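The values are calculated or read from the model by the stated rules, or taken from the named source; none is laboratory data. Since this is a predicted model, take the numbers as computed values, not measurements. We place every Cβ from the backbone using ideal geometry, glycine too, and count neighbours over all the protein chains shown. Remember, those area values only see protein heavy atoms, side chains included, never the ligands or the DNA or RNA. Shrake-Rupley method; radii C 1.70, N 1.55, O 1.52, S 1.80 Å.
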Amino acid sequence: MIAEAAGKVSVATRTAHSEIPWREIMGMRHRLIHGYADVRLDLVWVVALTQGRDYSSSCSHIKRRAMKELQLREAKTTLSAVVEAAEHGEPTTITKHGRPAAVVISHAEWTRLKTRVPSFADLLLAVPPLDPGDLPKRRPARIVRKGGFK
């Protein structure tokens, strides 16, 4: 079951959690499904006992940190739970037609994010005063004659 789920984990998550041997887990699943006649059950049992718990706890940790994702229809029916999760620091991505459409976060998180981004006016006012030497030299303007160029 872990091997089946590992194949559905995004590349970004696999890269972020390189301590988990994703490729080997998925390879073992492939071997069990497609090469079952040659599988040594004693080895499968040893791997399950010695490494299964480690992978399971690592995957639980990833799941807790991962953002929940719901389809719009499901988010509508469970909106109270989505808002409550956001209040407890668990954001939810809402998808529409399979693409991310919105993220529900707590008001406190939204305020924190909003205050971190200065307005354009604040950025302009934060520019230190310039000396004329700081500006690039301007080329003299070309004078265009009434008759045009010849």
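Under the 0.36 nm per residue contour assumption, what length would be gained going from the current alpha-carbon distance of residue 73 and residue 108 to full extension?
Numbers: separation 35, 0.36 × 35 = 12.60 nm, distance 2.57 nm.
Between residue 73 and residue 108, full extension yields 10.0 nm more.
In whole percent, and with a 1.4 Å probe on the protein chains, what portion of the accessible area of region 64-125 is carbon and sulfur? Don't jump to the answer; show the numbers that get you there.
Values: 2990 of 5180 Å².
So the carbon and sulfur contribution to the accessible surface is 58 percent.
Based only on the alpha carbon positions, what is the Kirkwood hydrodynamic radius of region 86-150, in angstrom?
One over the average 1/r among Cα pairs gives 18.0 Å for region 86-150.
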| Label-point separation in nm, residue 11 to residue 144, each point 7 Å along Cα→Cβ | 5.1 nm
